[in-house]
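Participant: First, the structure itself, so that you have it in front of you.
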Amino acid sequence: MALFGVLYAIAVPNLQAMRAPYALESAAYQVASHLNMARQRSIARNRRHRVVFSSTSYHIERETSSNTFVTDSGTFQMPHEVQIGSPNPSDPVYNSRGMLSGNITLPISATGVGTKTVTINVLGQTSID
């Protein structure tokens, strides 16, 4: 029994460290998927939509009147070891045709692992680097 306790104490921290790269990859694909969902909602509803980011979560909003947005989704949380950087130059706002006014980059990072960058081009297409 004591041997099992020692093996457990050694293995658990190593398993947590192995999880971080997968959490970062998964988070990047999750964000890209929700960006595509916001784009599709813009096209389907013929209304502007935007995605609003904080450091640990984000949500989708739709425009109800000129420059007035309301929440159009739940809040999507990042895994606890993953952080969202600031979108450059700003949060993405899709027009009624699913396009943006310019390219946007969004860094997503995990401590001790690195950073993935989600890029949205003017046509609304996403890529992950």
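The values are calculated or read from the model by the stated rules, or taken from the named source; none is laboratory data. No experiment lies behind these values; they were computed from the predicted model shown. Ideal geometry is used to build each Cβ from the backbone, glycine not excepted, and the neighbour counts take in all protein chains shown.
Participant: Of all the residues that make up segment 49-81, how many are of a type in the set (K, R) and closer than 20 Å to V118 by Cβ?
Facilitator: Matching residues across segment 49-81 total 1.
Participant: Let me ask something additional. Please work out if R19 is among the charged types (D, E, K, R), surrounded by 12 or more Cβ atoms within 10 Å (Cβ to Cβ), modelled with pLDDT under 95 and not in a loop (DSSP other than H, G, I, E, B).
Facilitator: The answer is yes for R19.
Participant: Another question about this same structure. So which strands (runs of 3 or more DSSP E) are wholly in segment 29-129 and hold at least 1 residues that are aromatic (F, W, Y), surrounded by 13 or more Cβ atoms within 10 Å (Cβ to Cβ) and free of Cβ contacts under 8 Å to residues at least 40 places away in the same chain?
Facilitator: Of the strands (runs of 3 or more DSSP E) lying wholly inside segment 29-129, those with at least 1 residues that are aromatic (F, W, Y), surrounded by 13 or more Cβ atoms within 10 Å (Cβ to Cβ) and free of Cβ contacts under 8 Å to residues at least 40 places away in the same chain span 57-65, 68-71.
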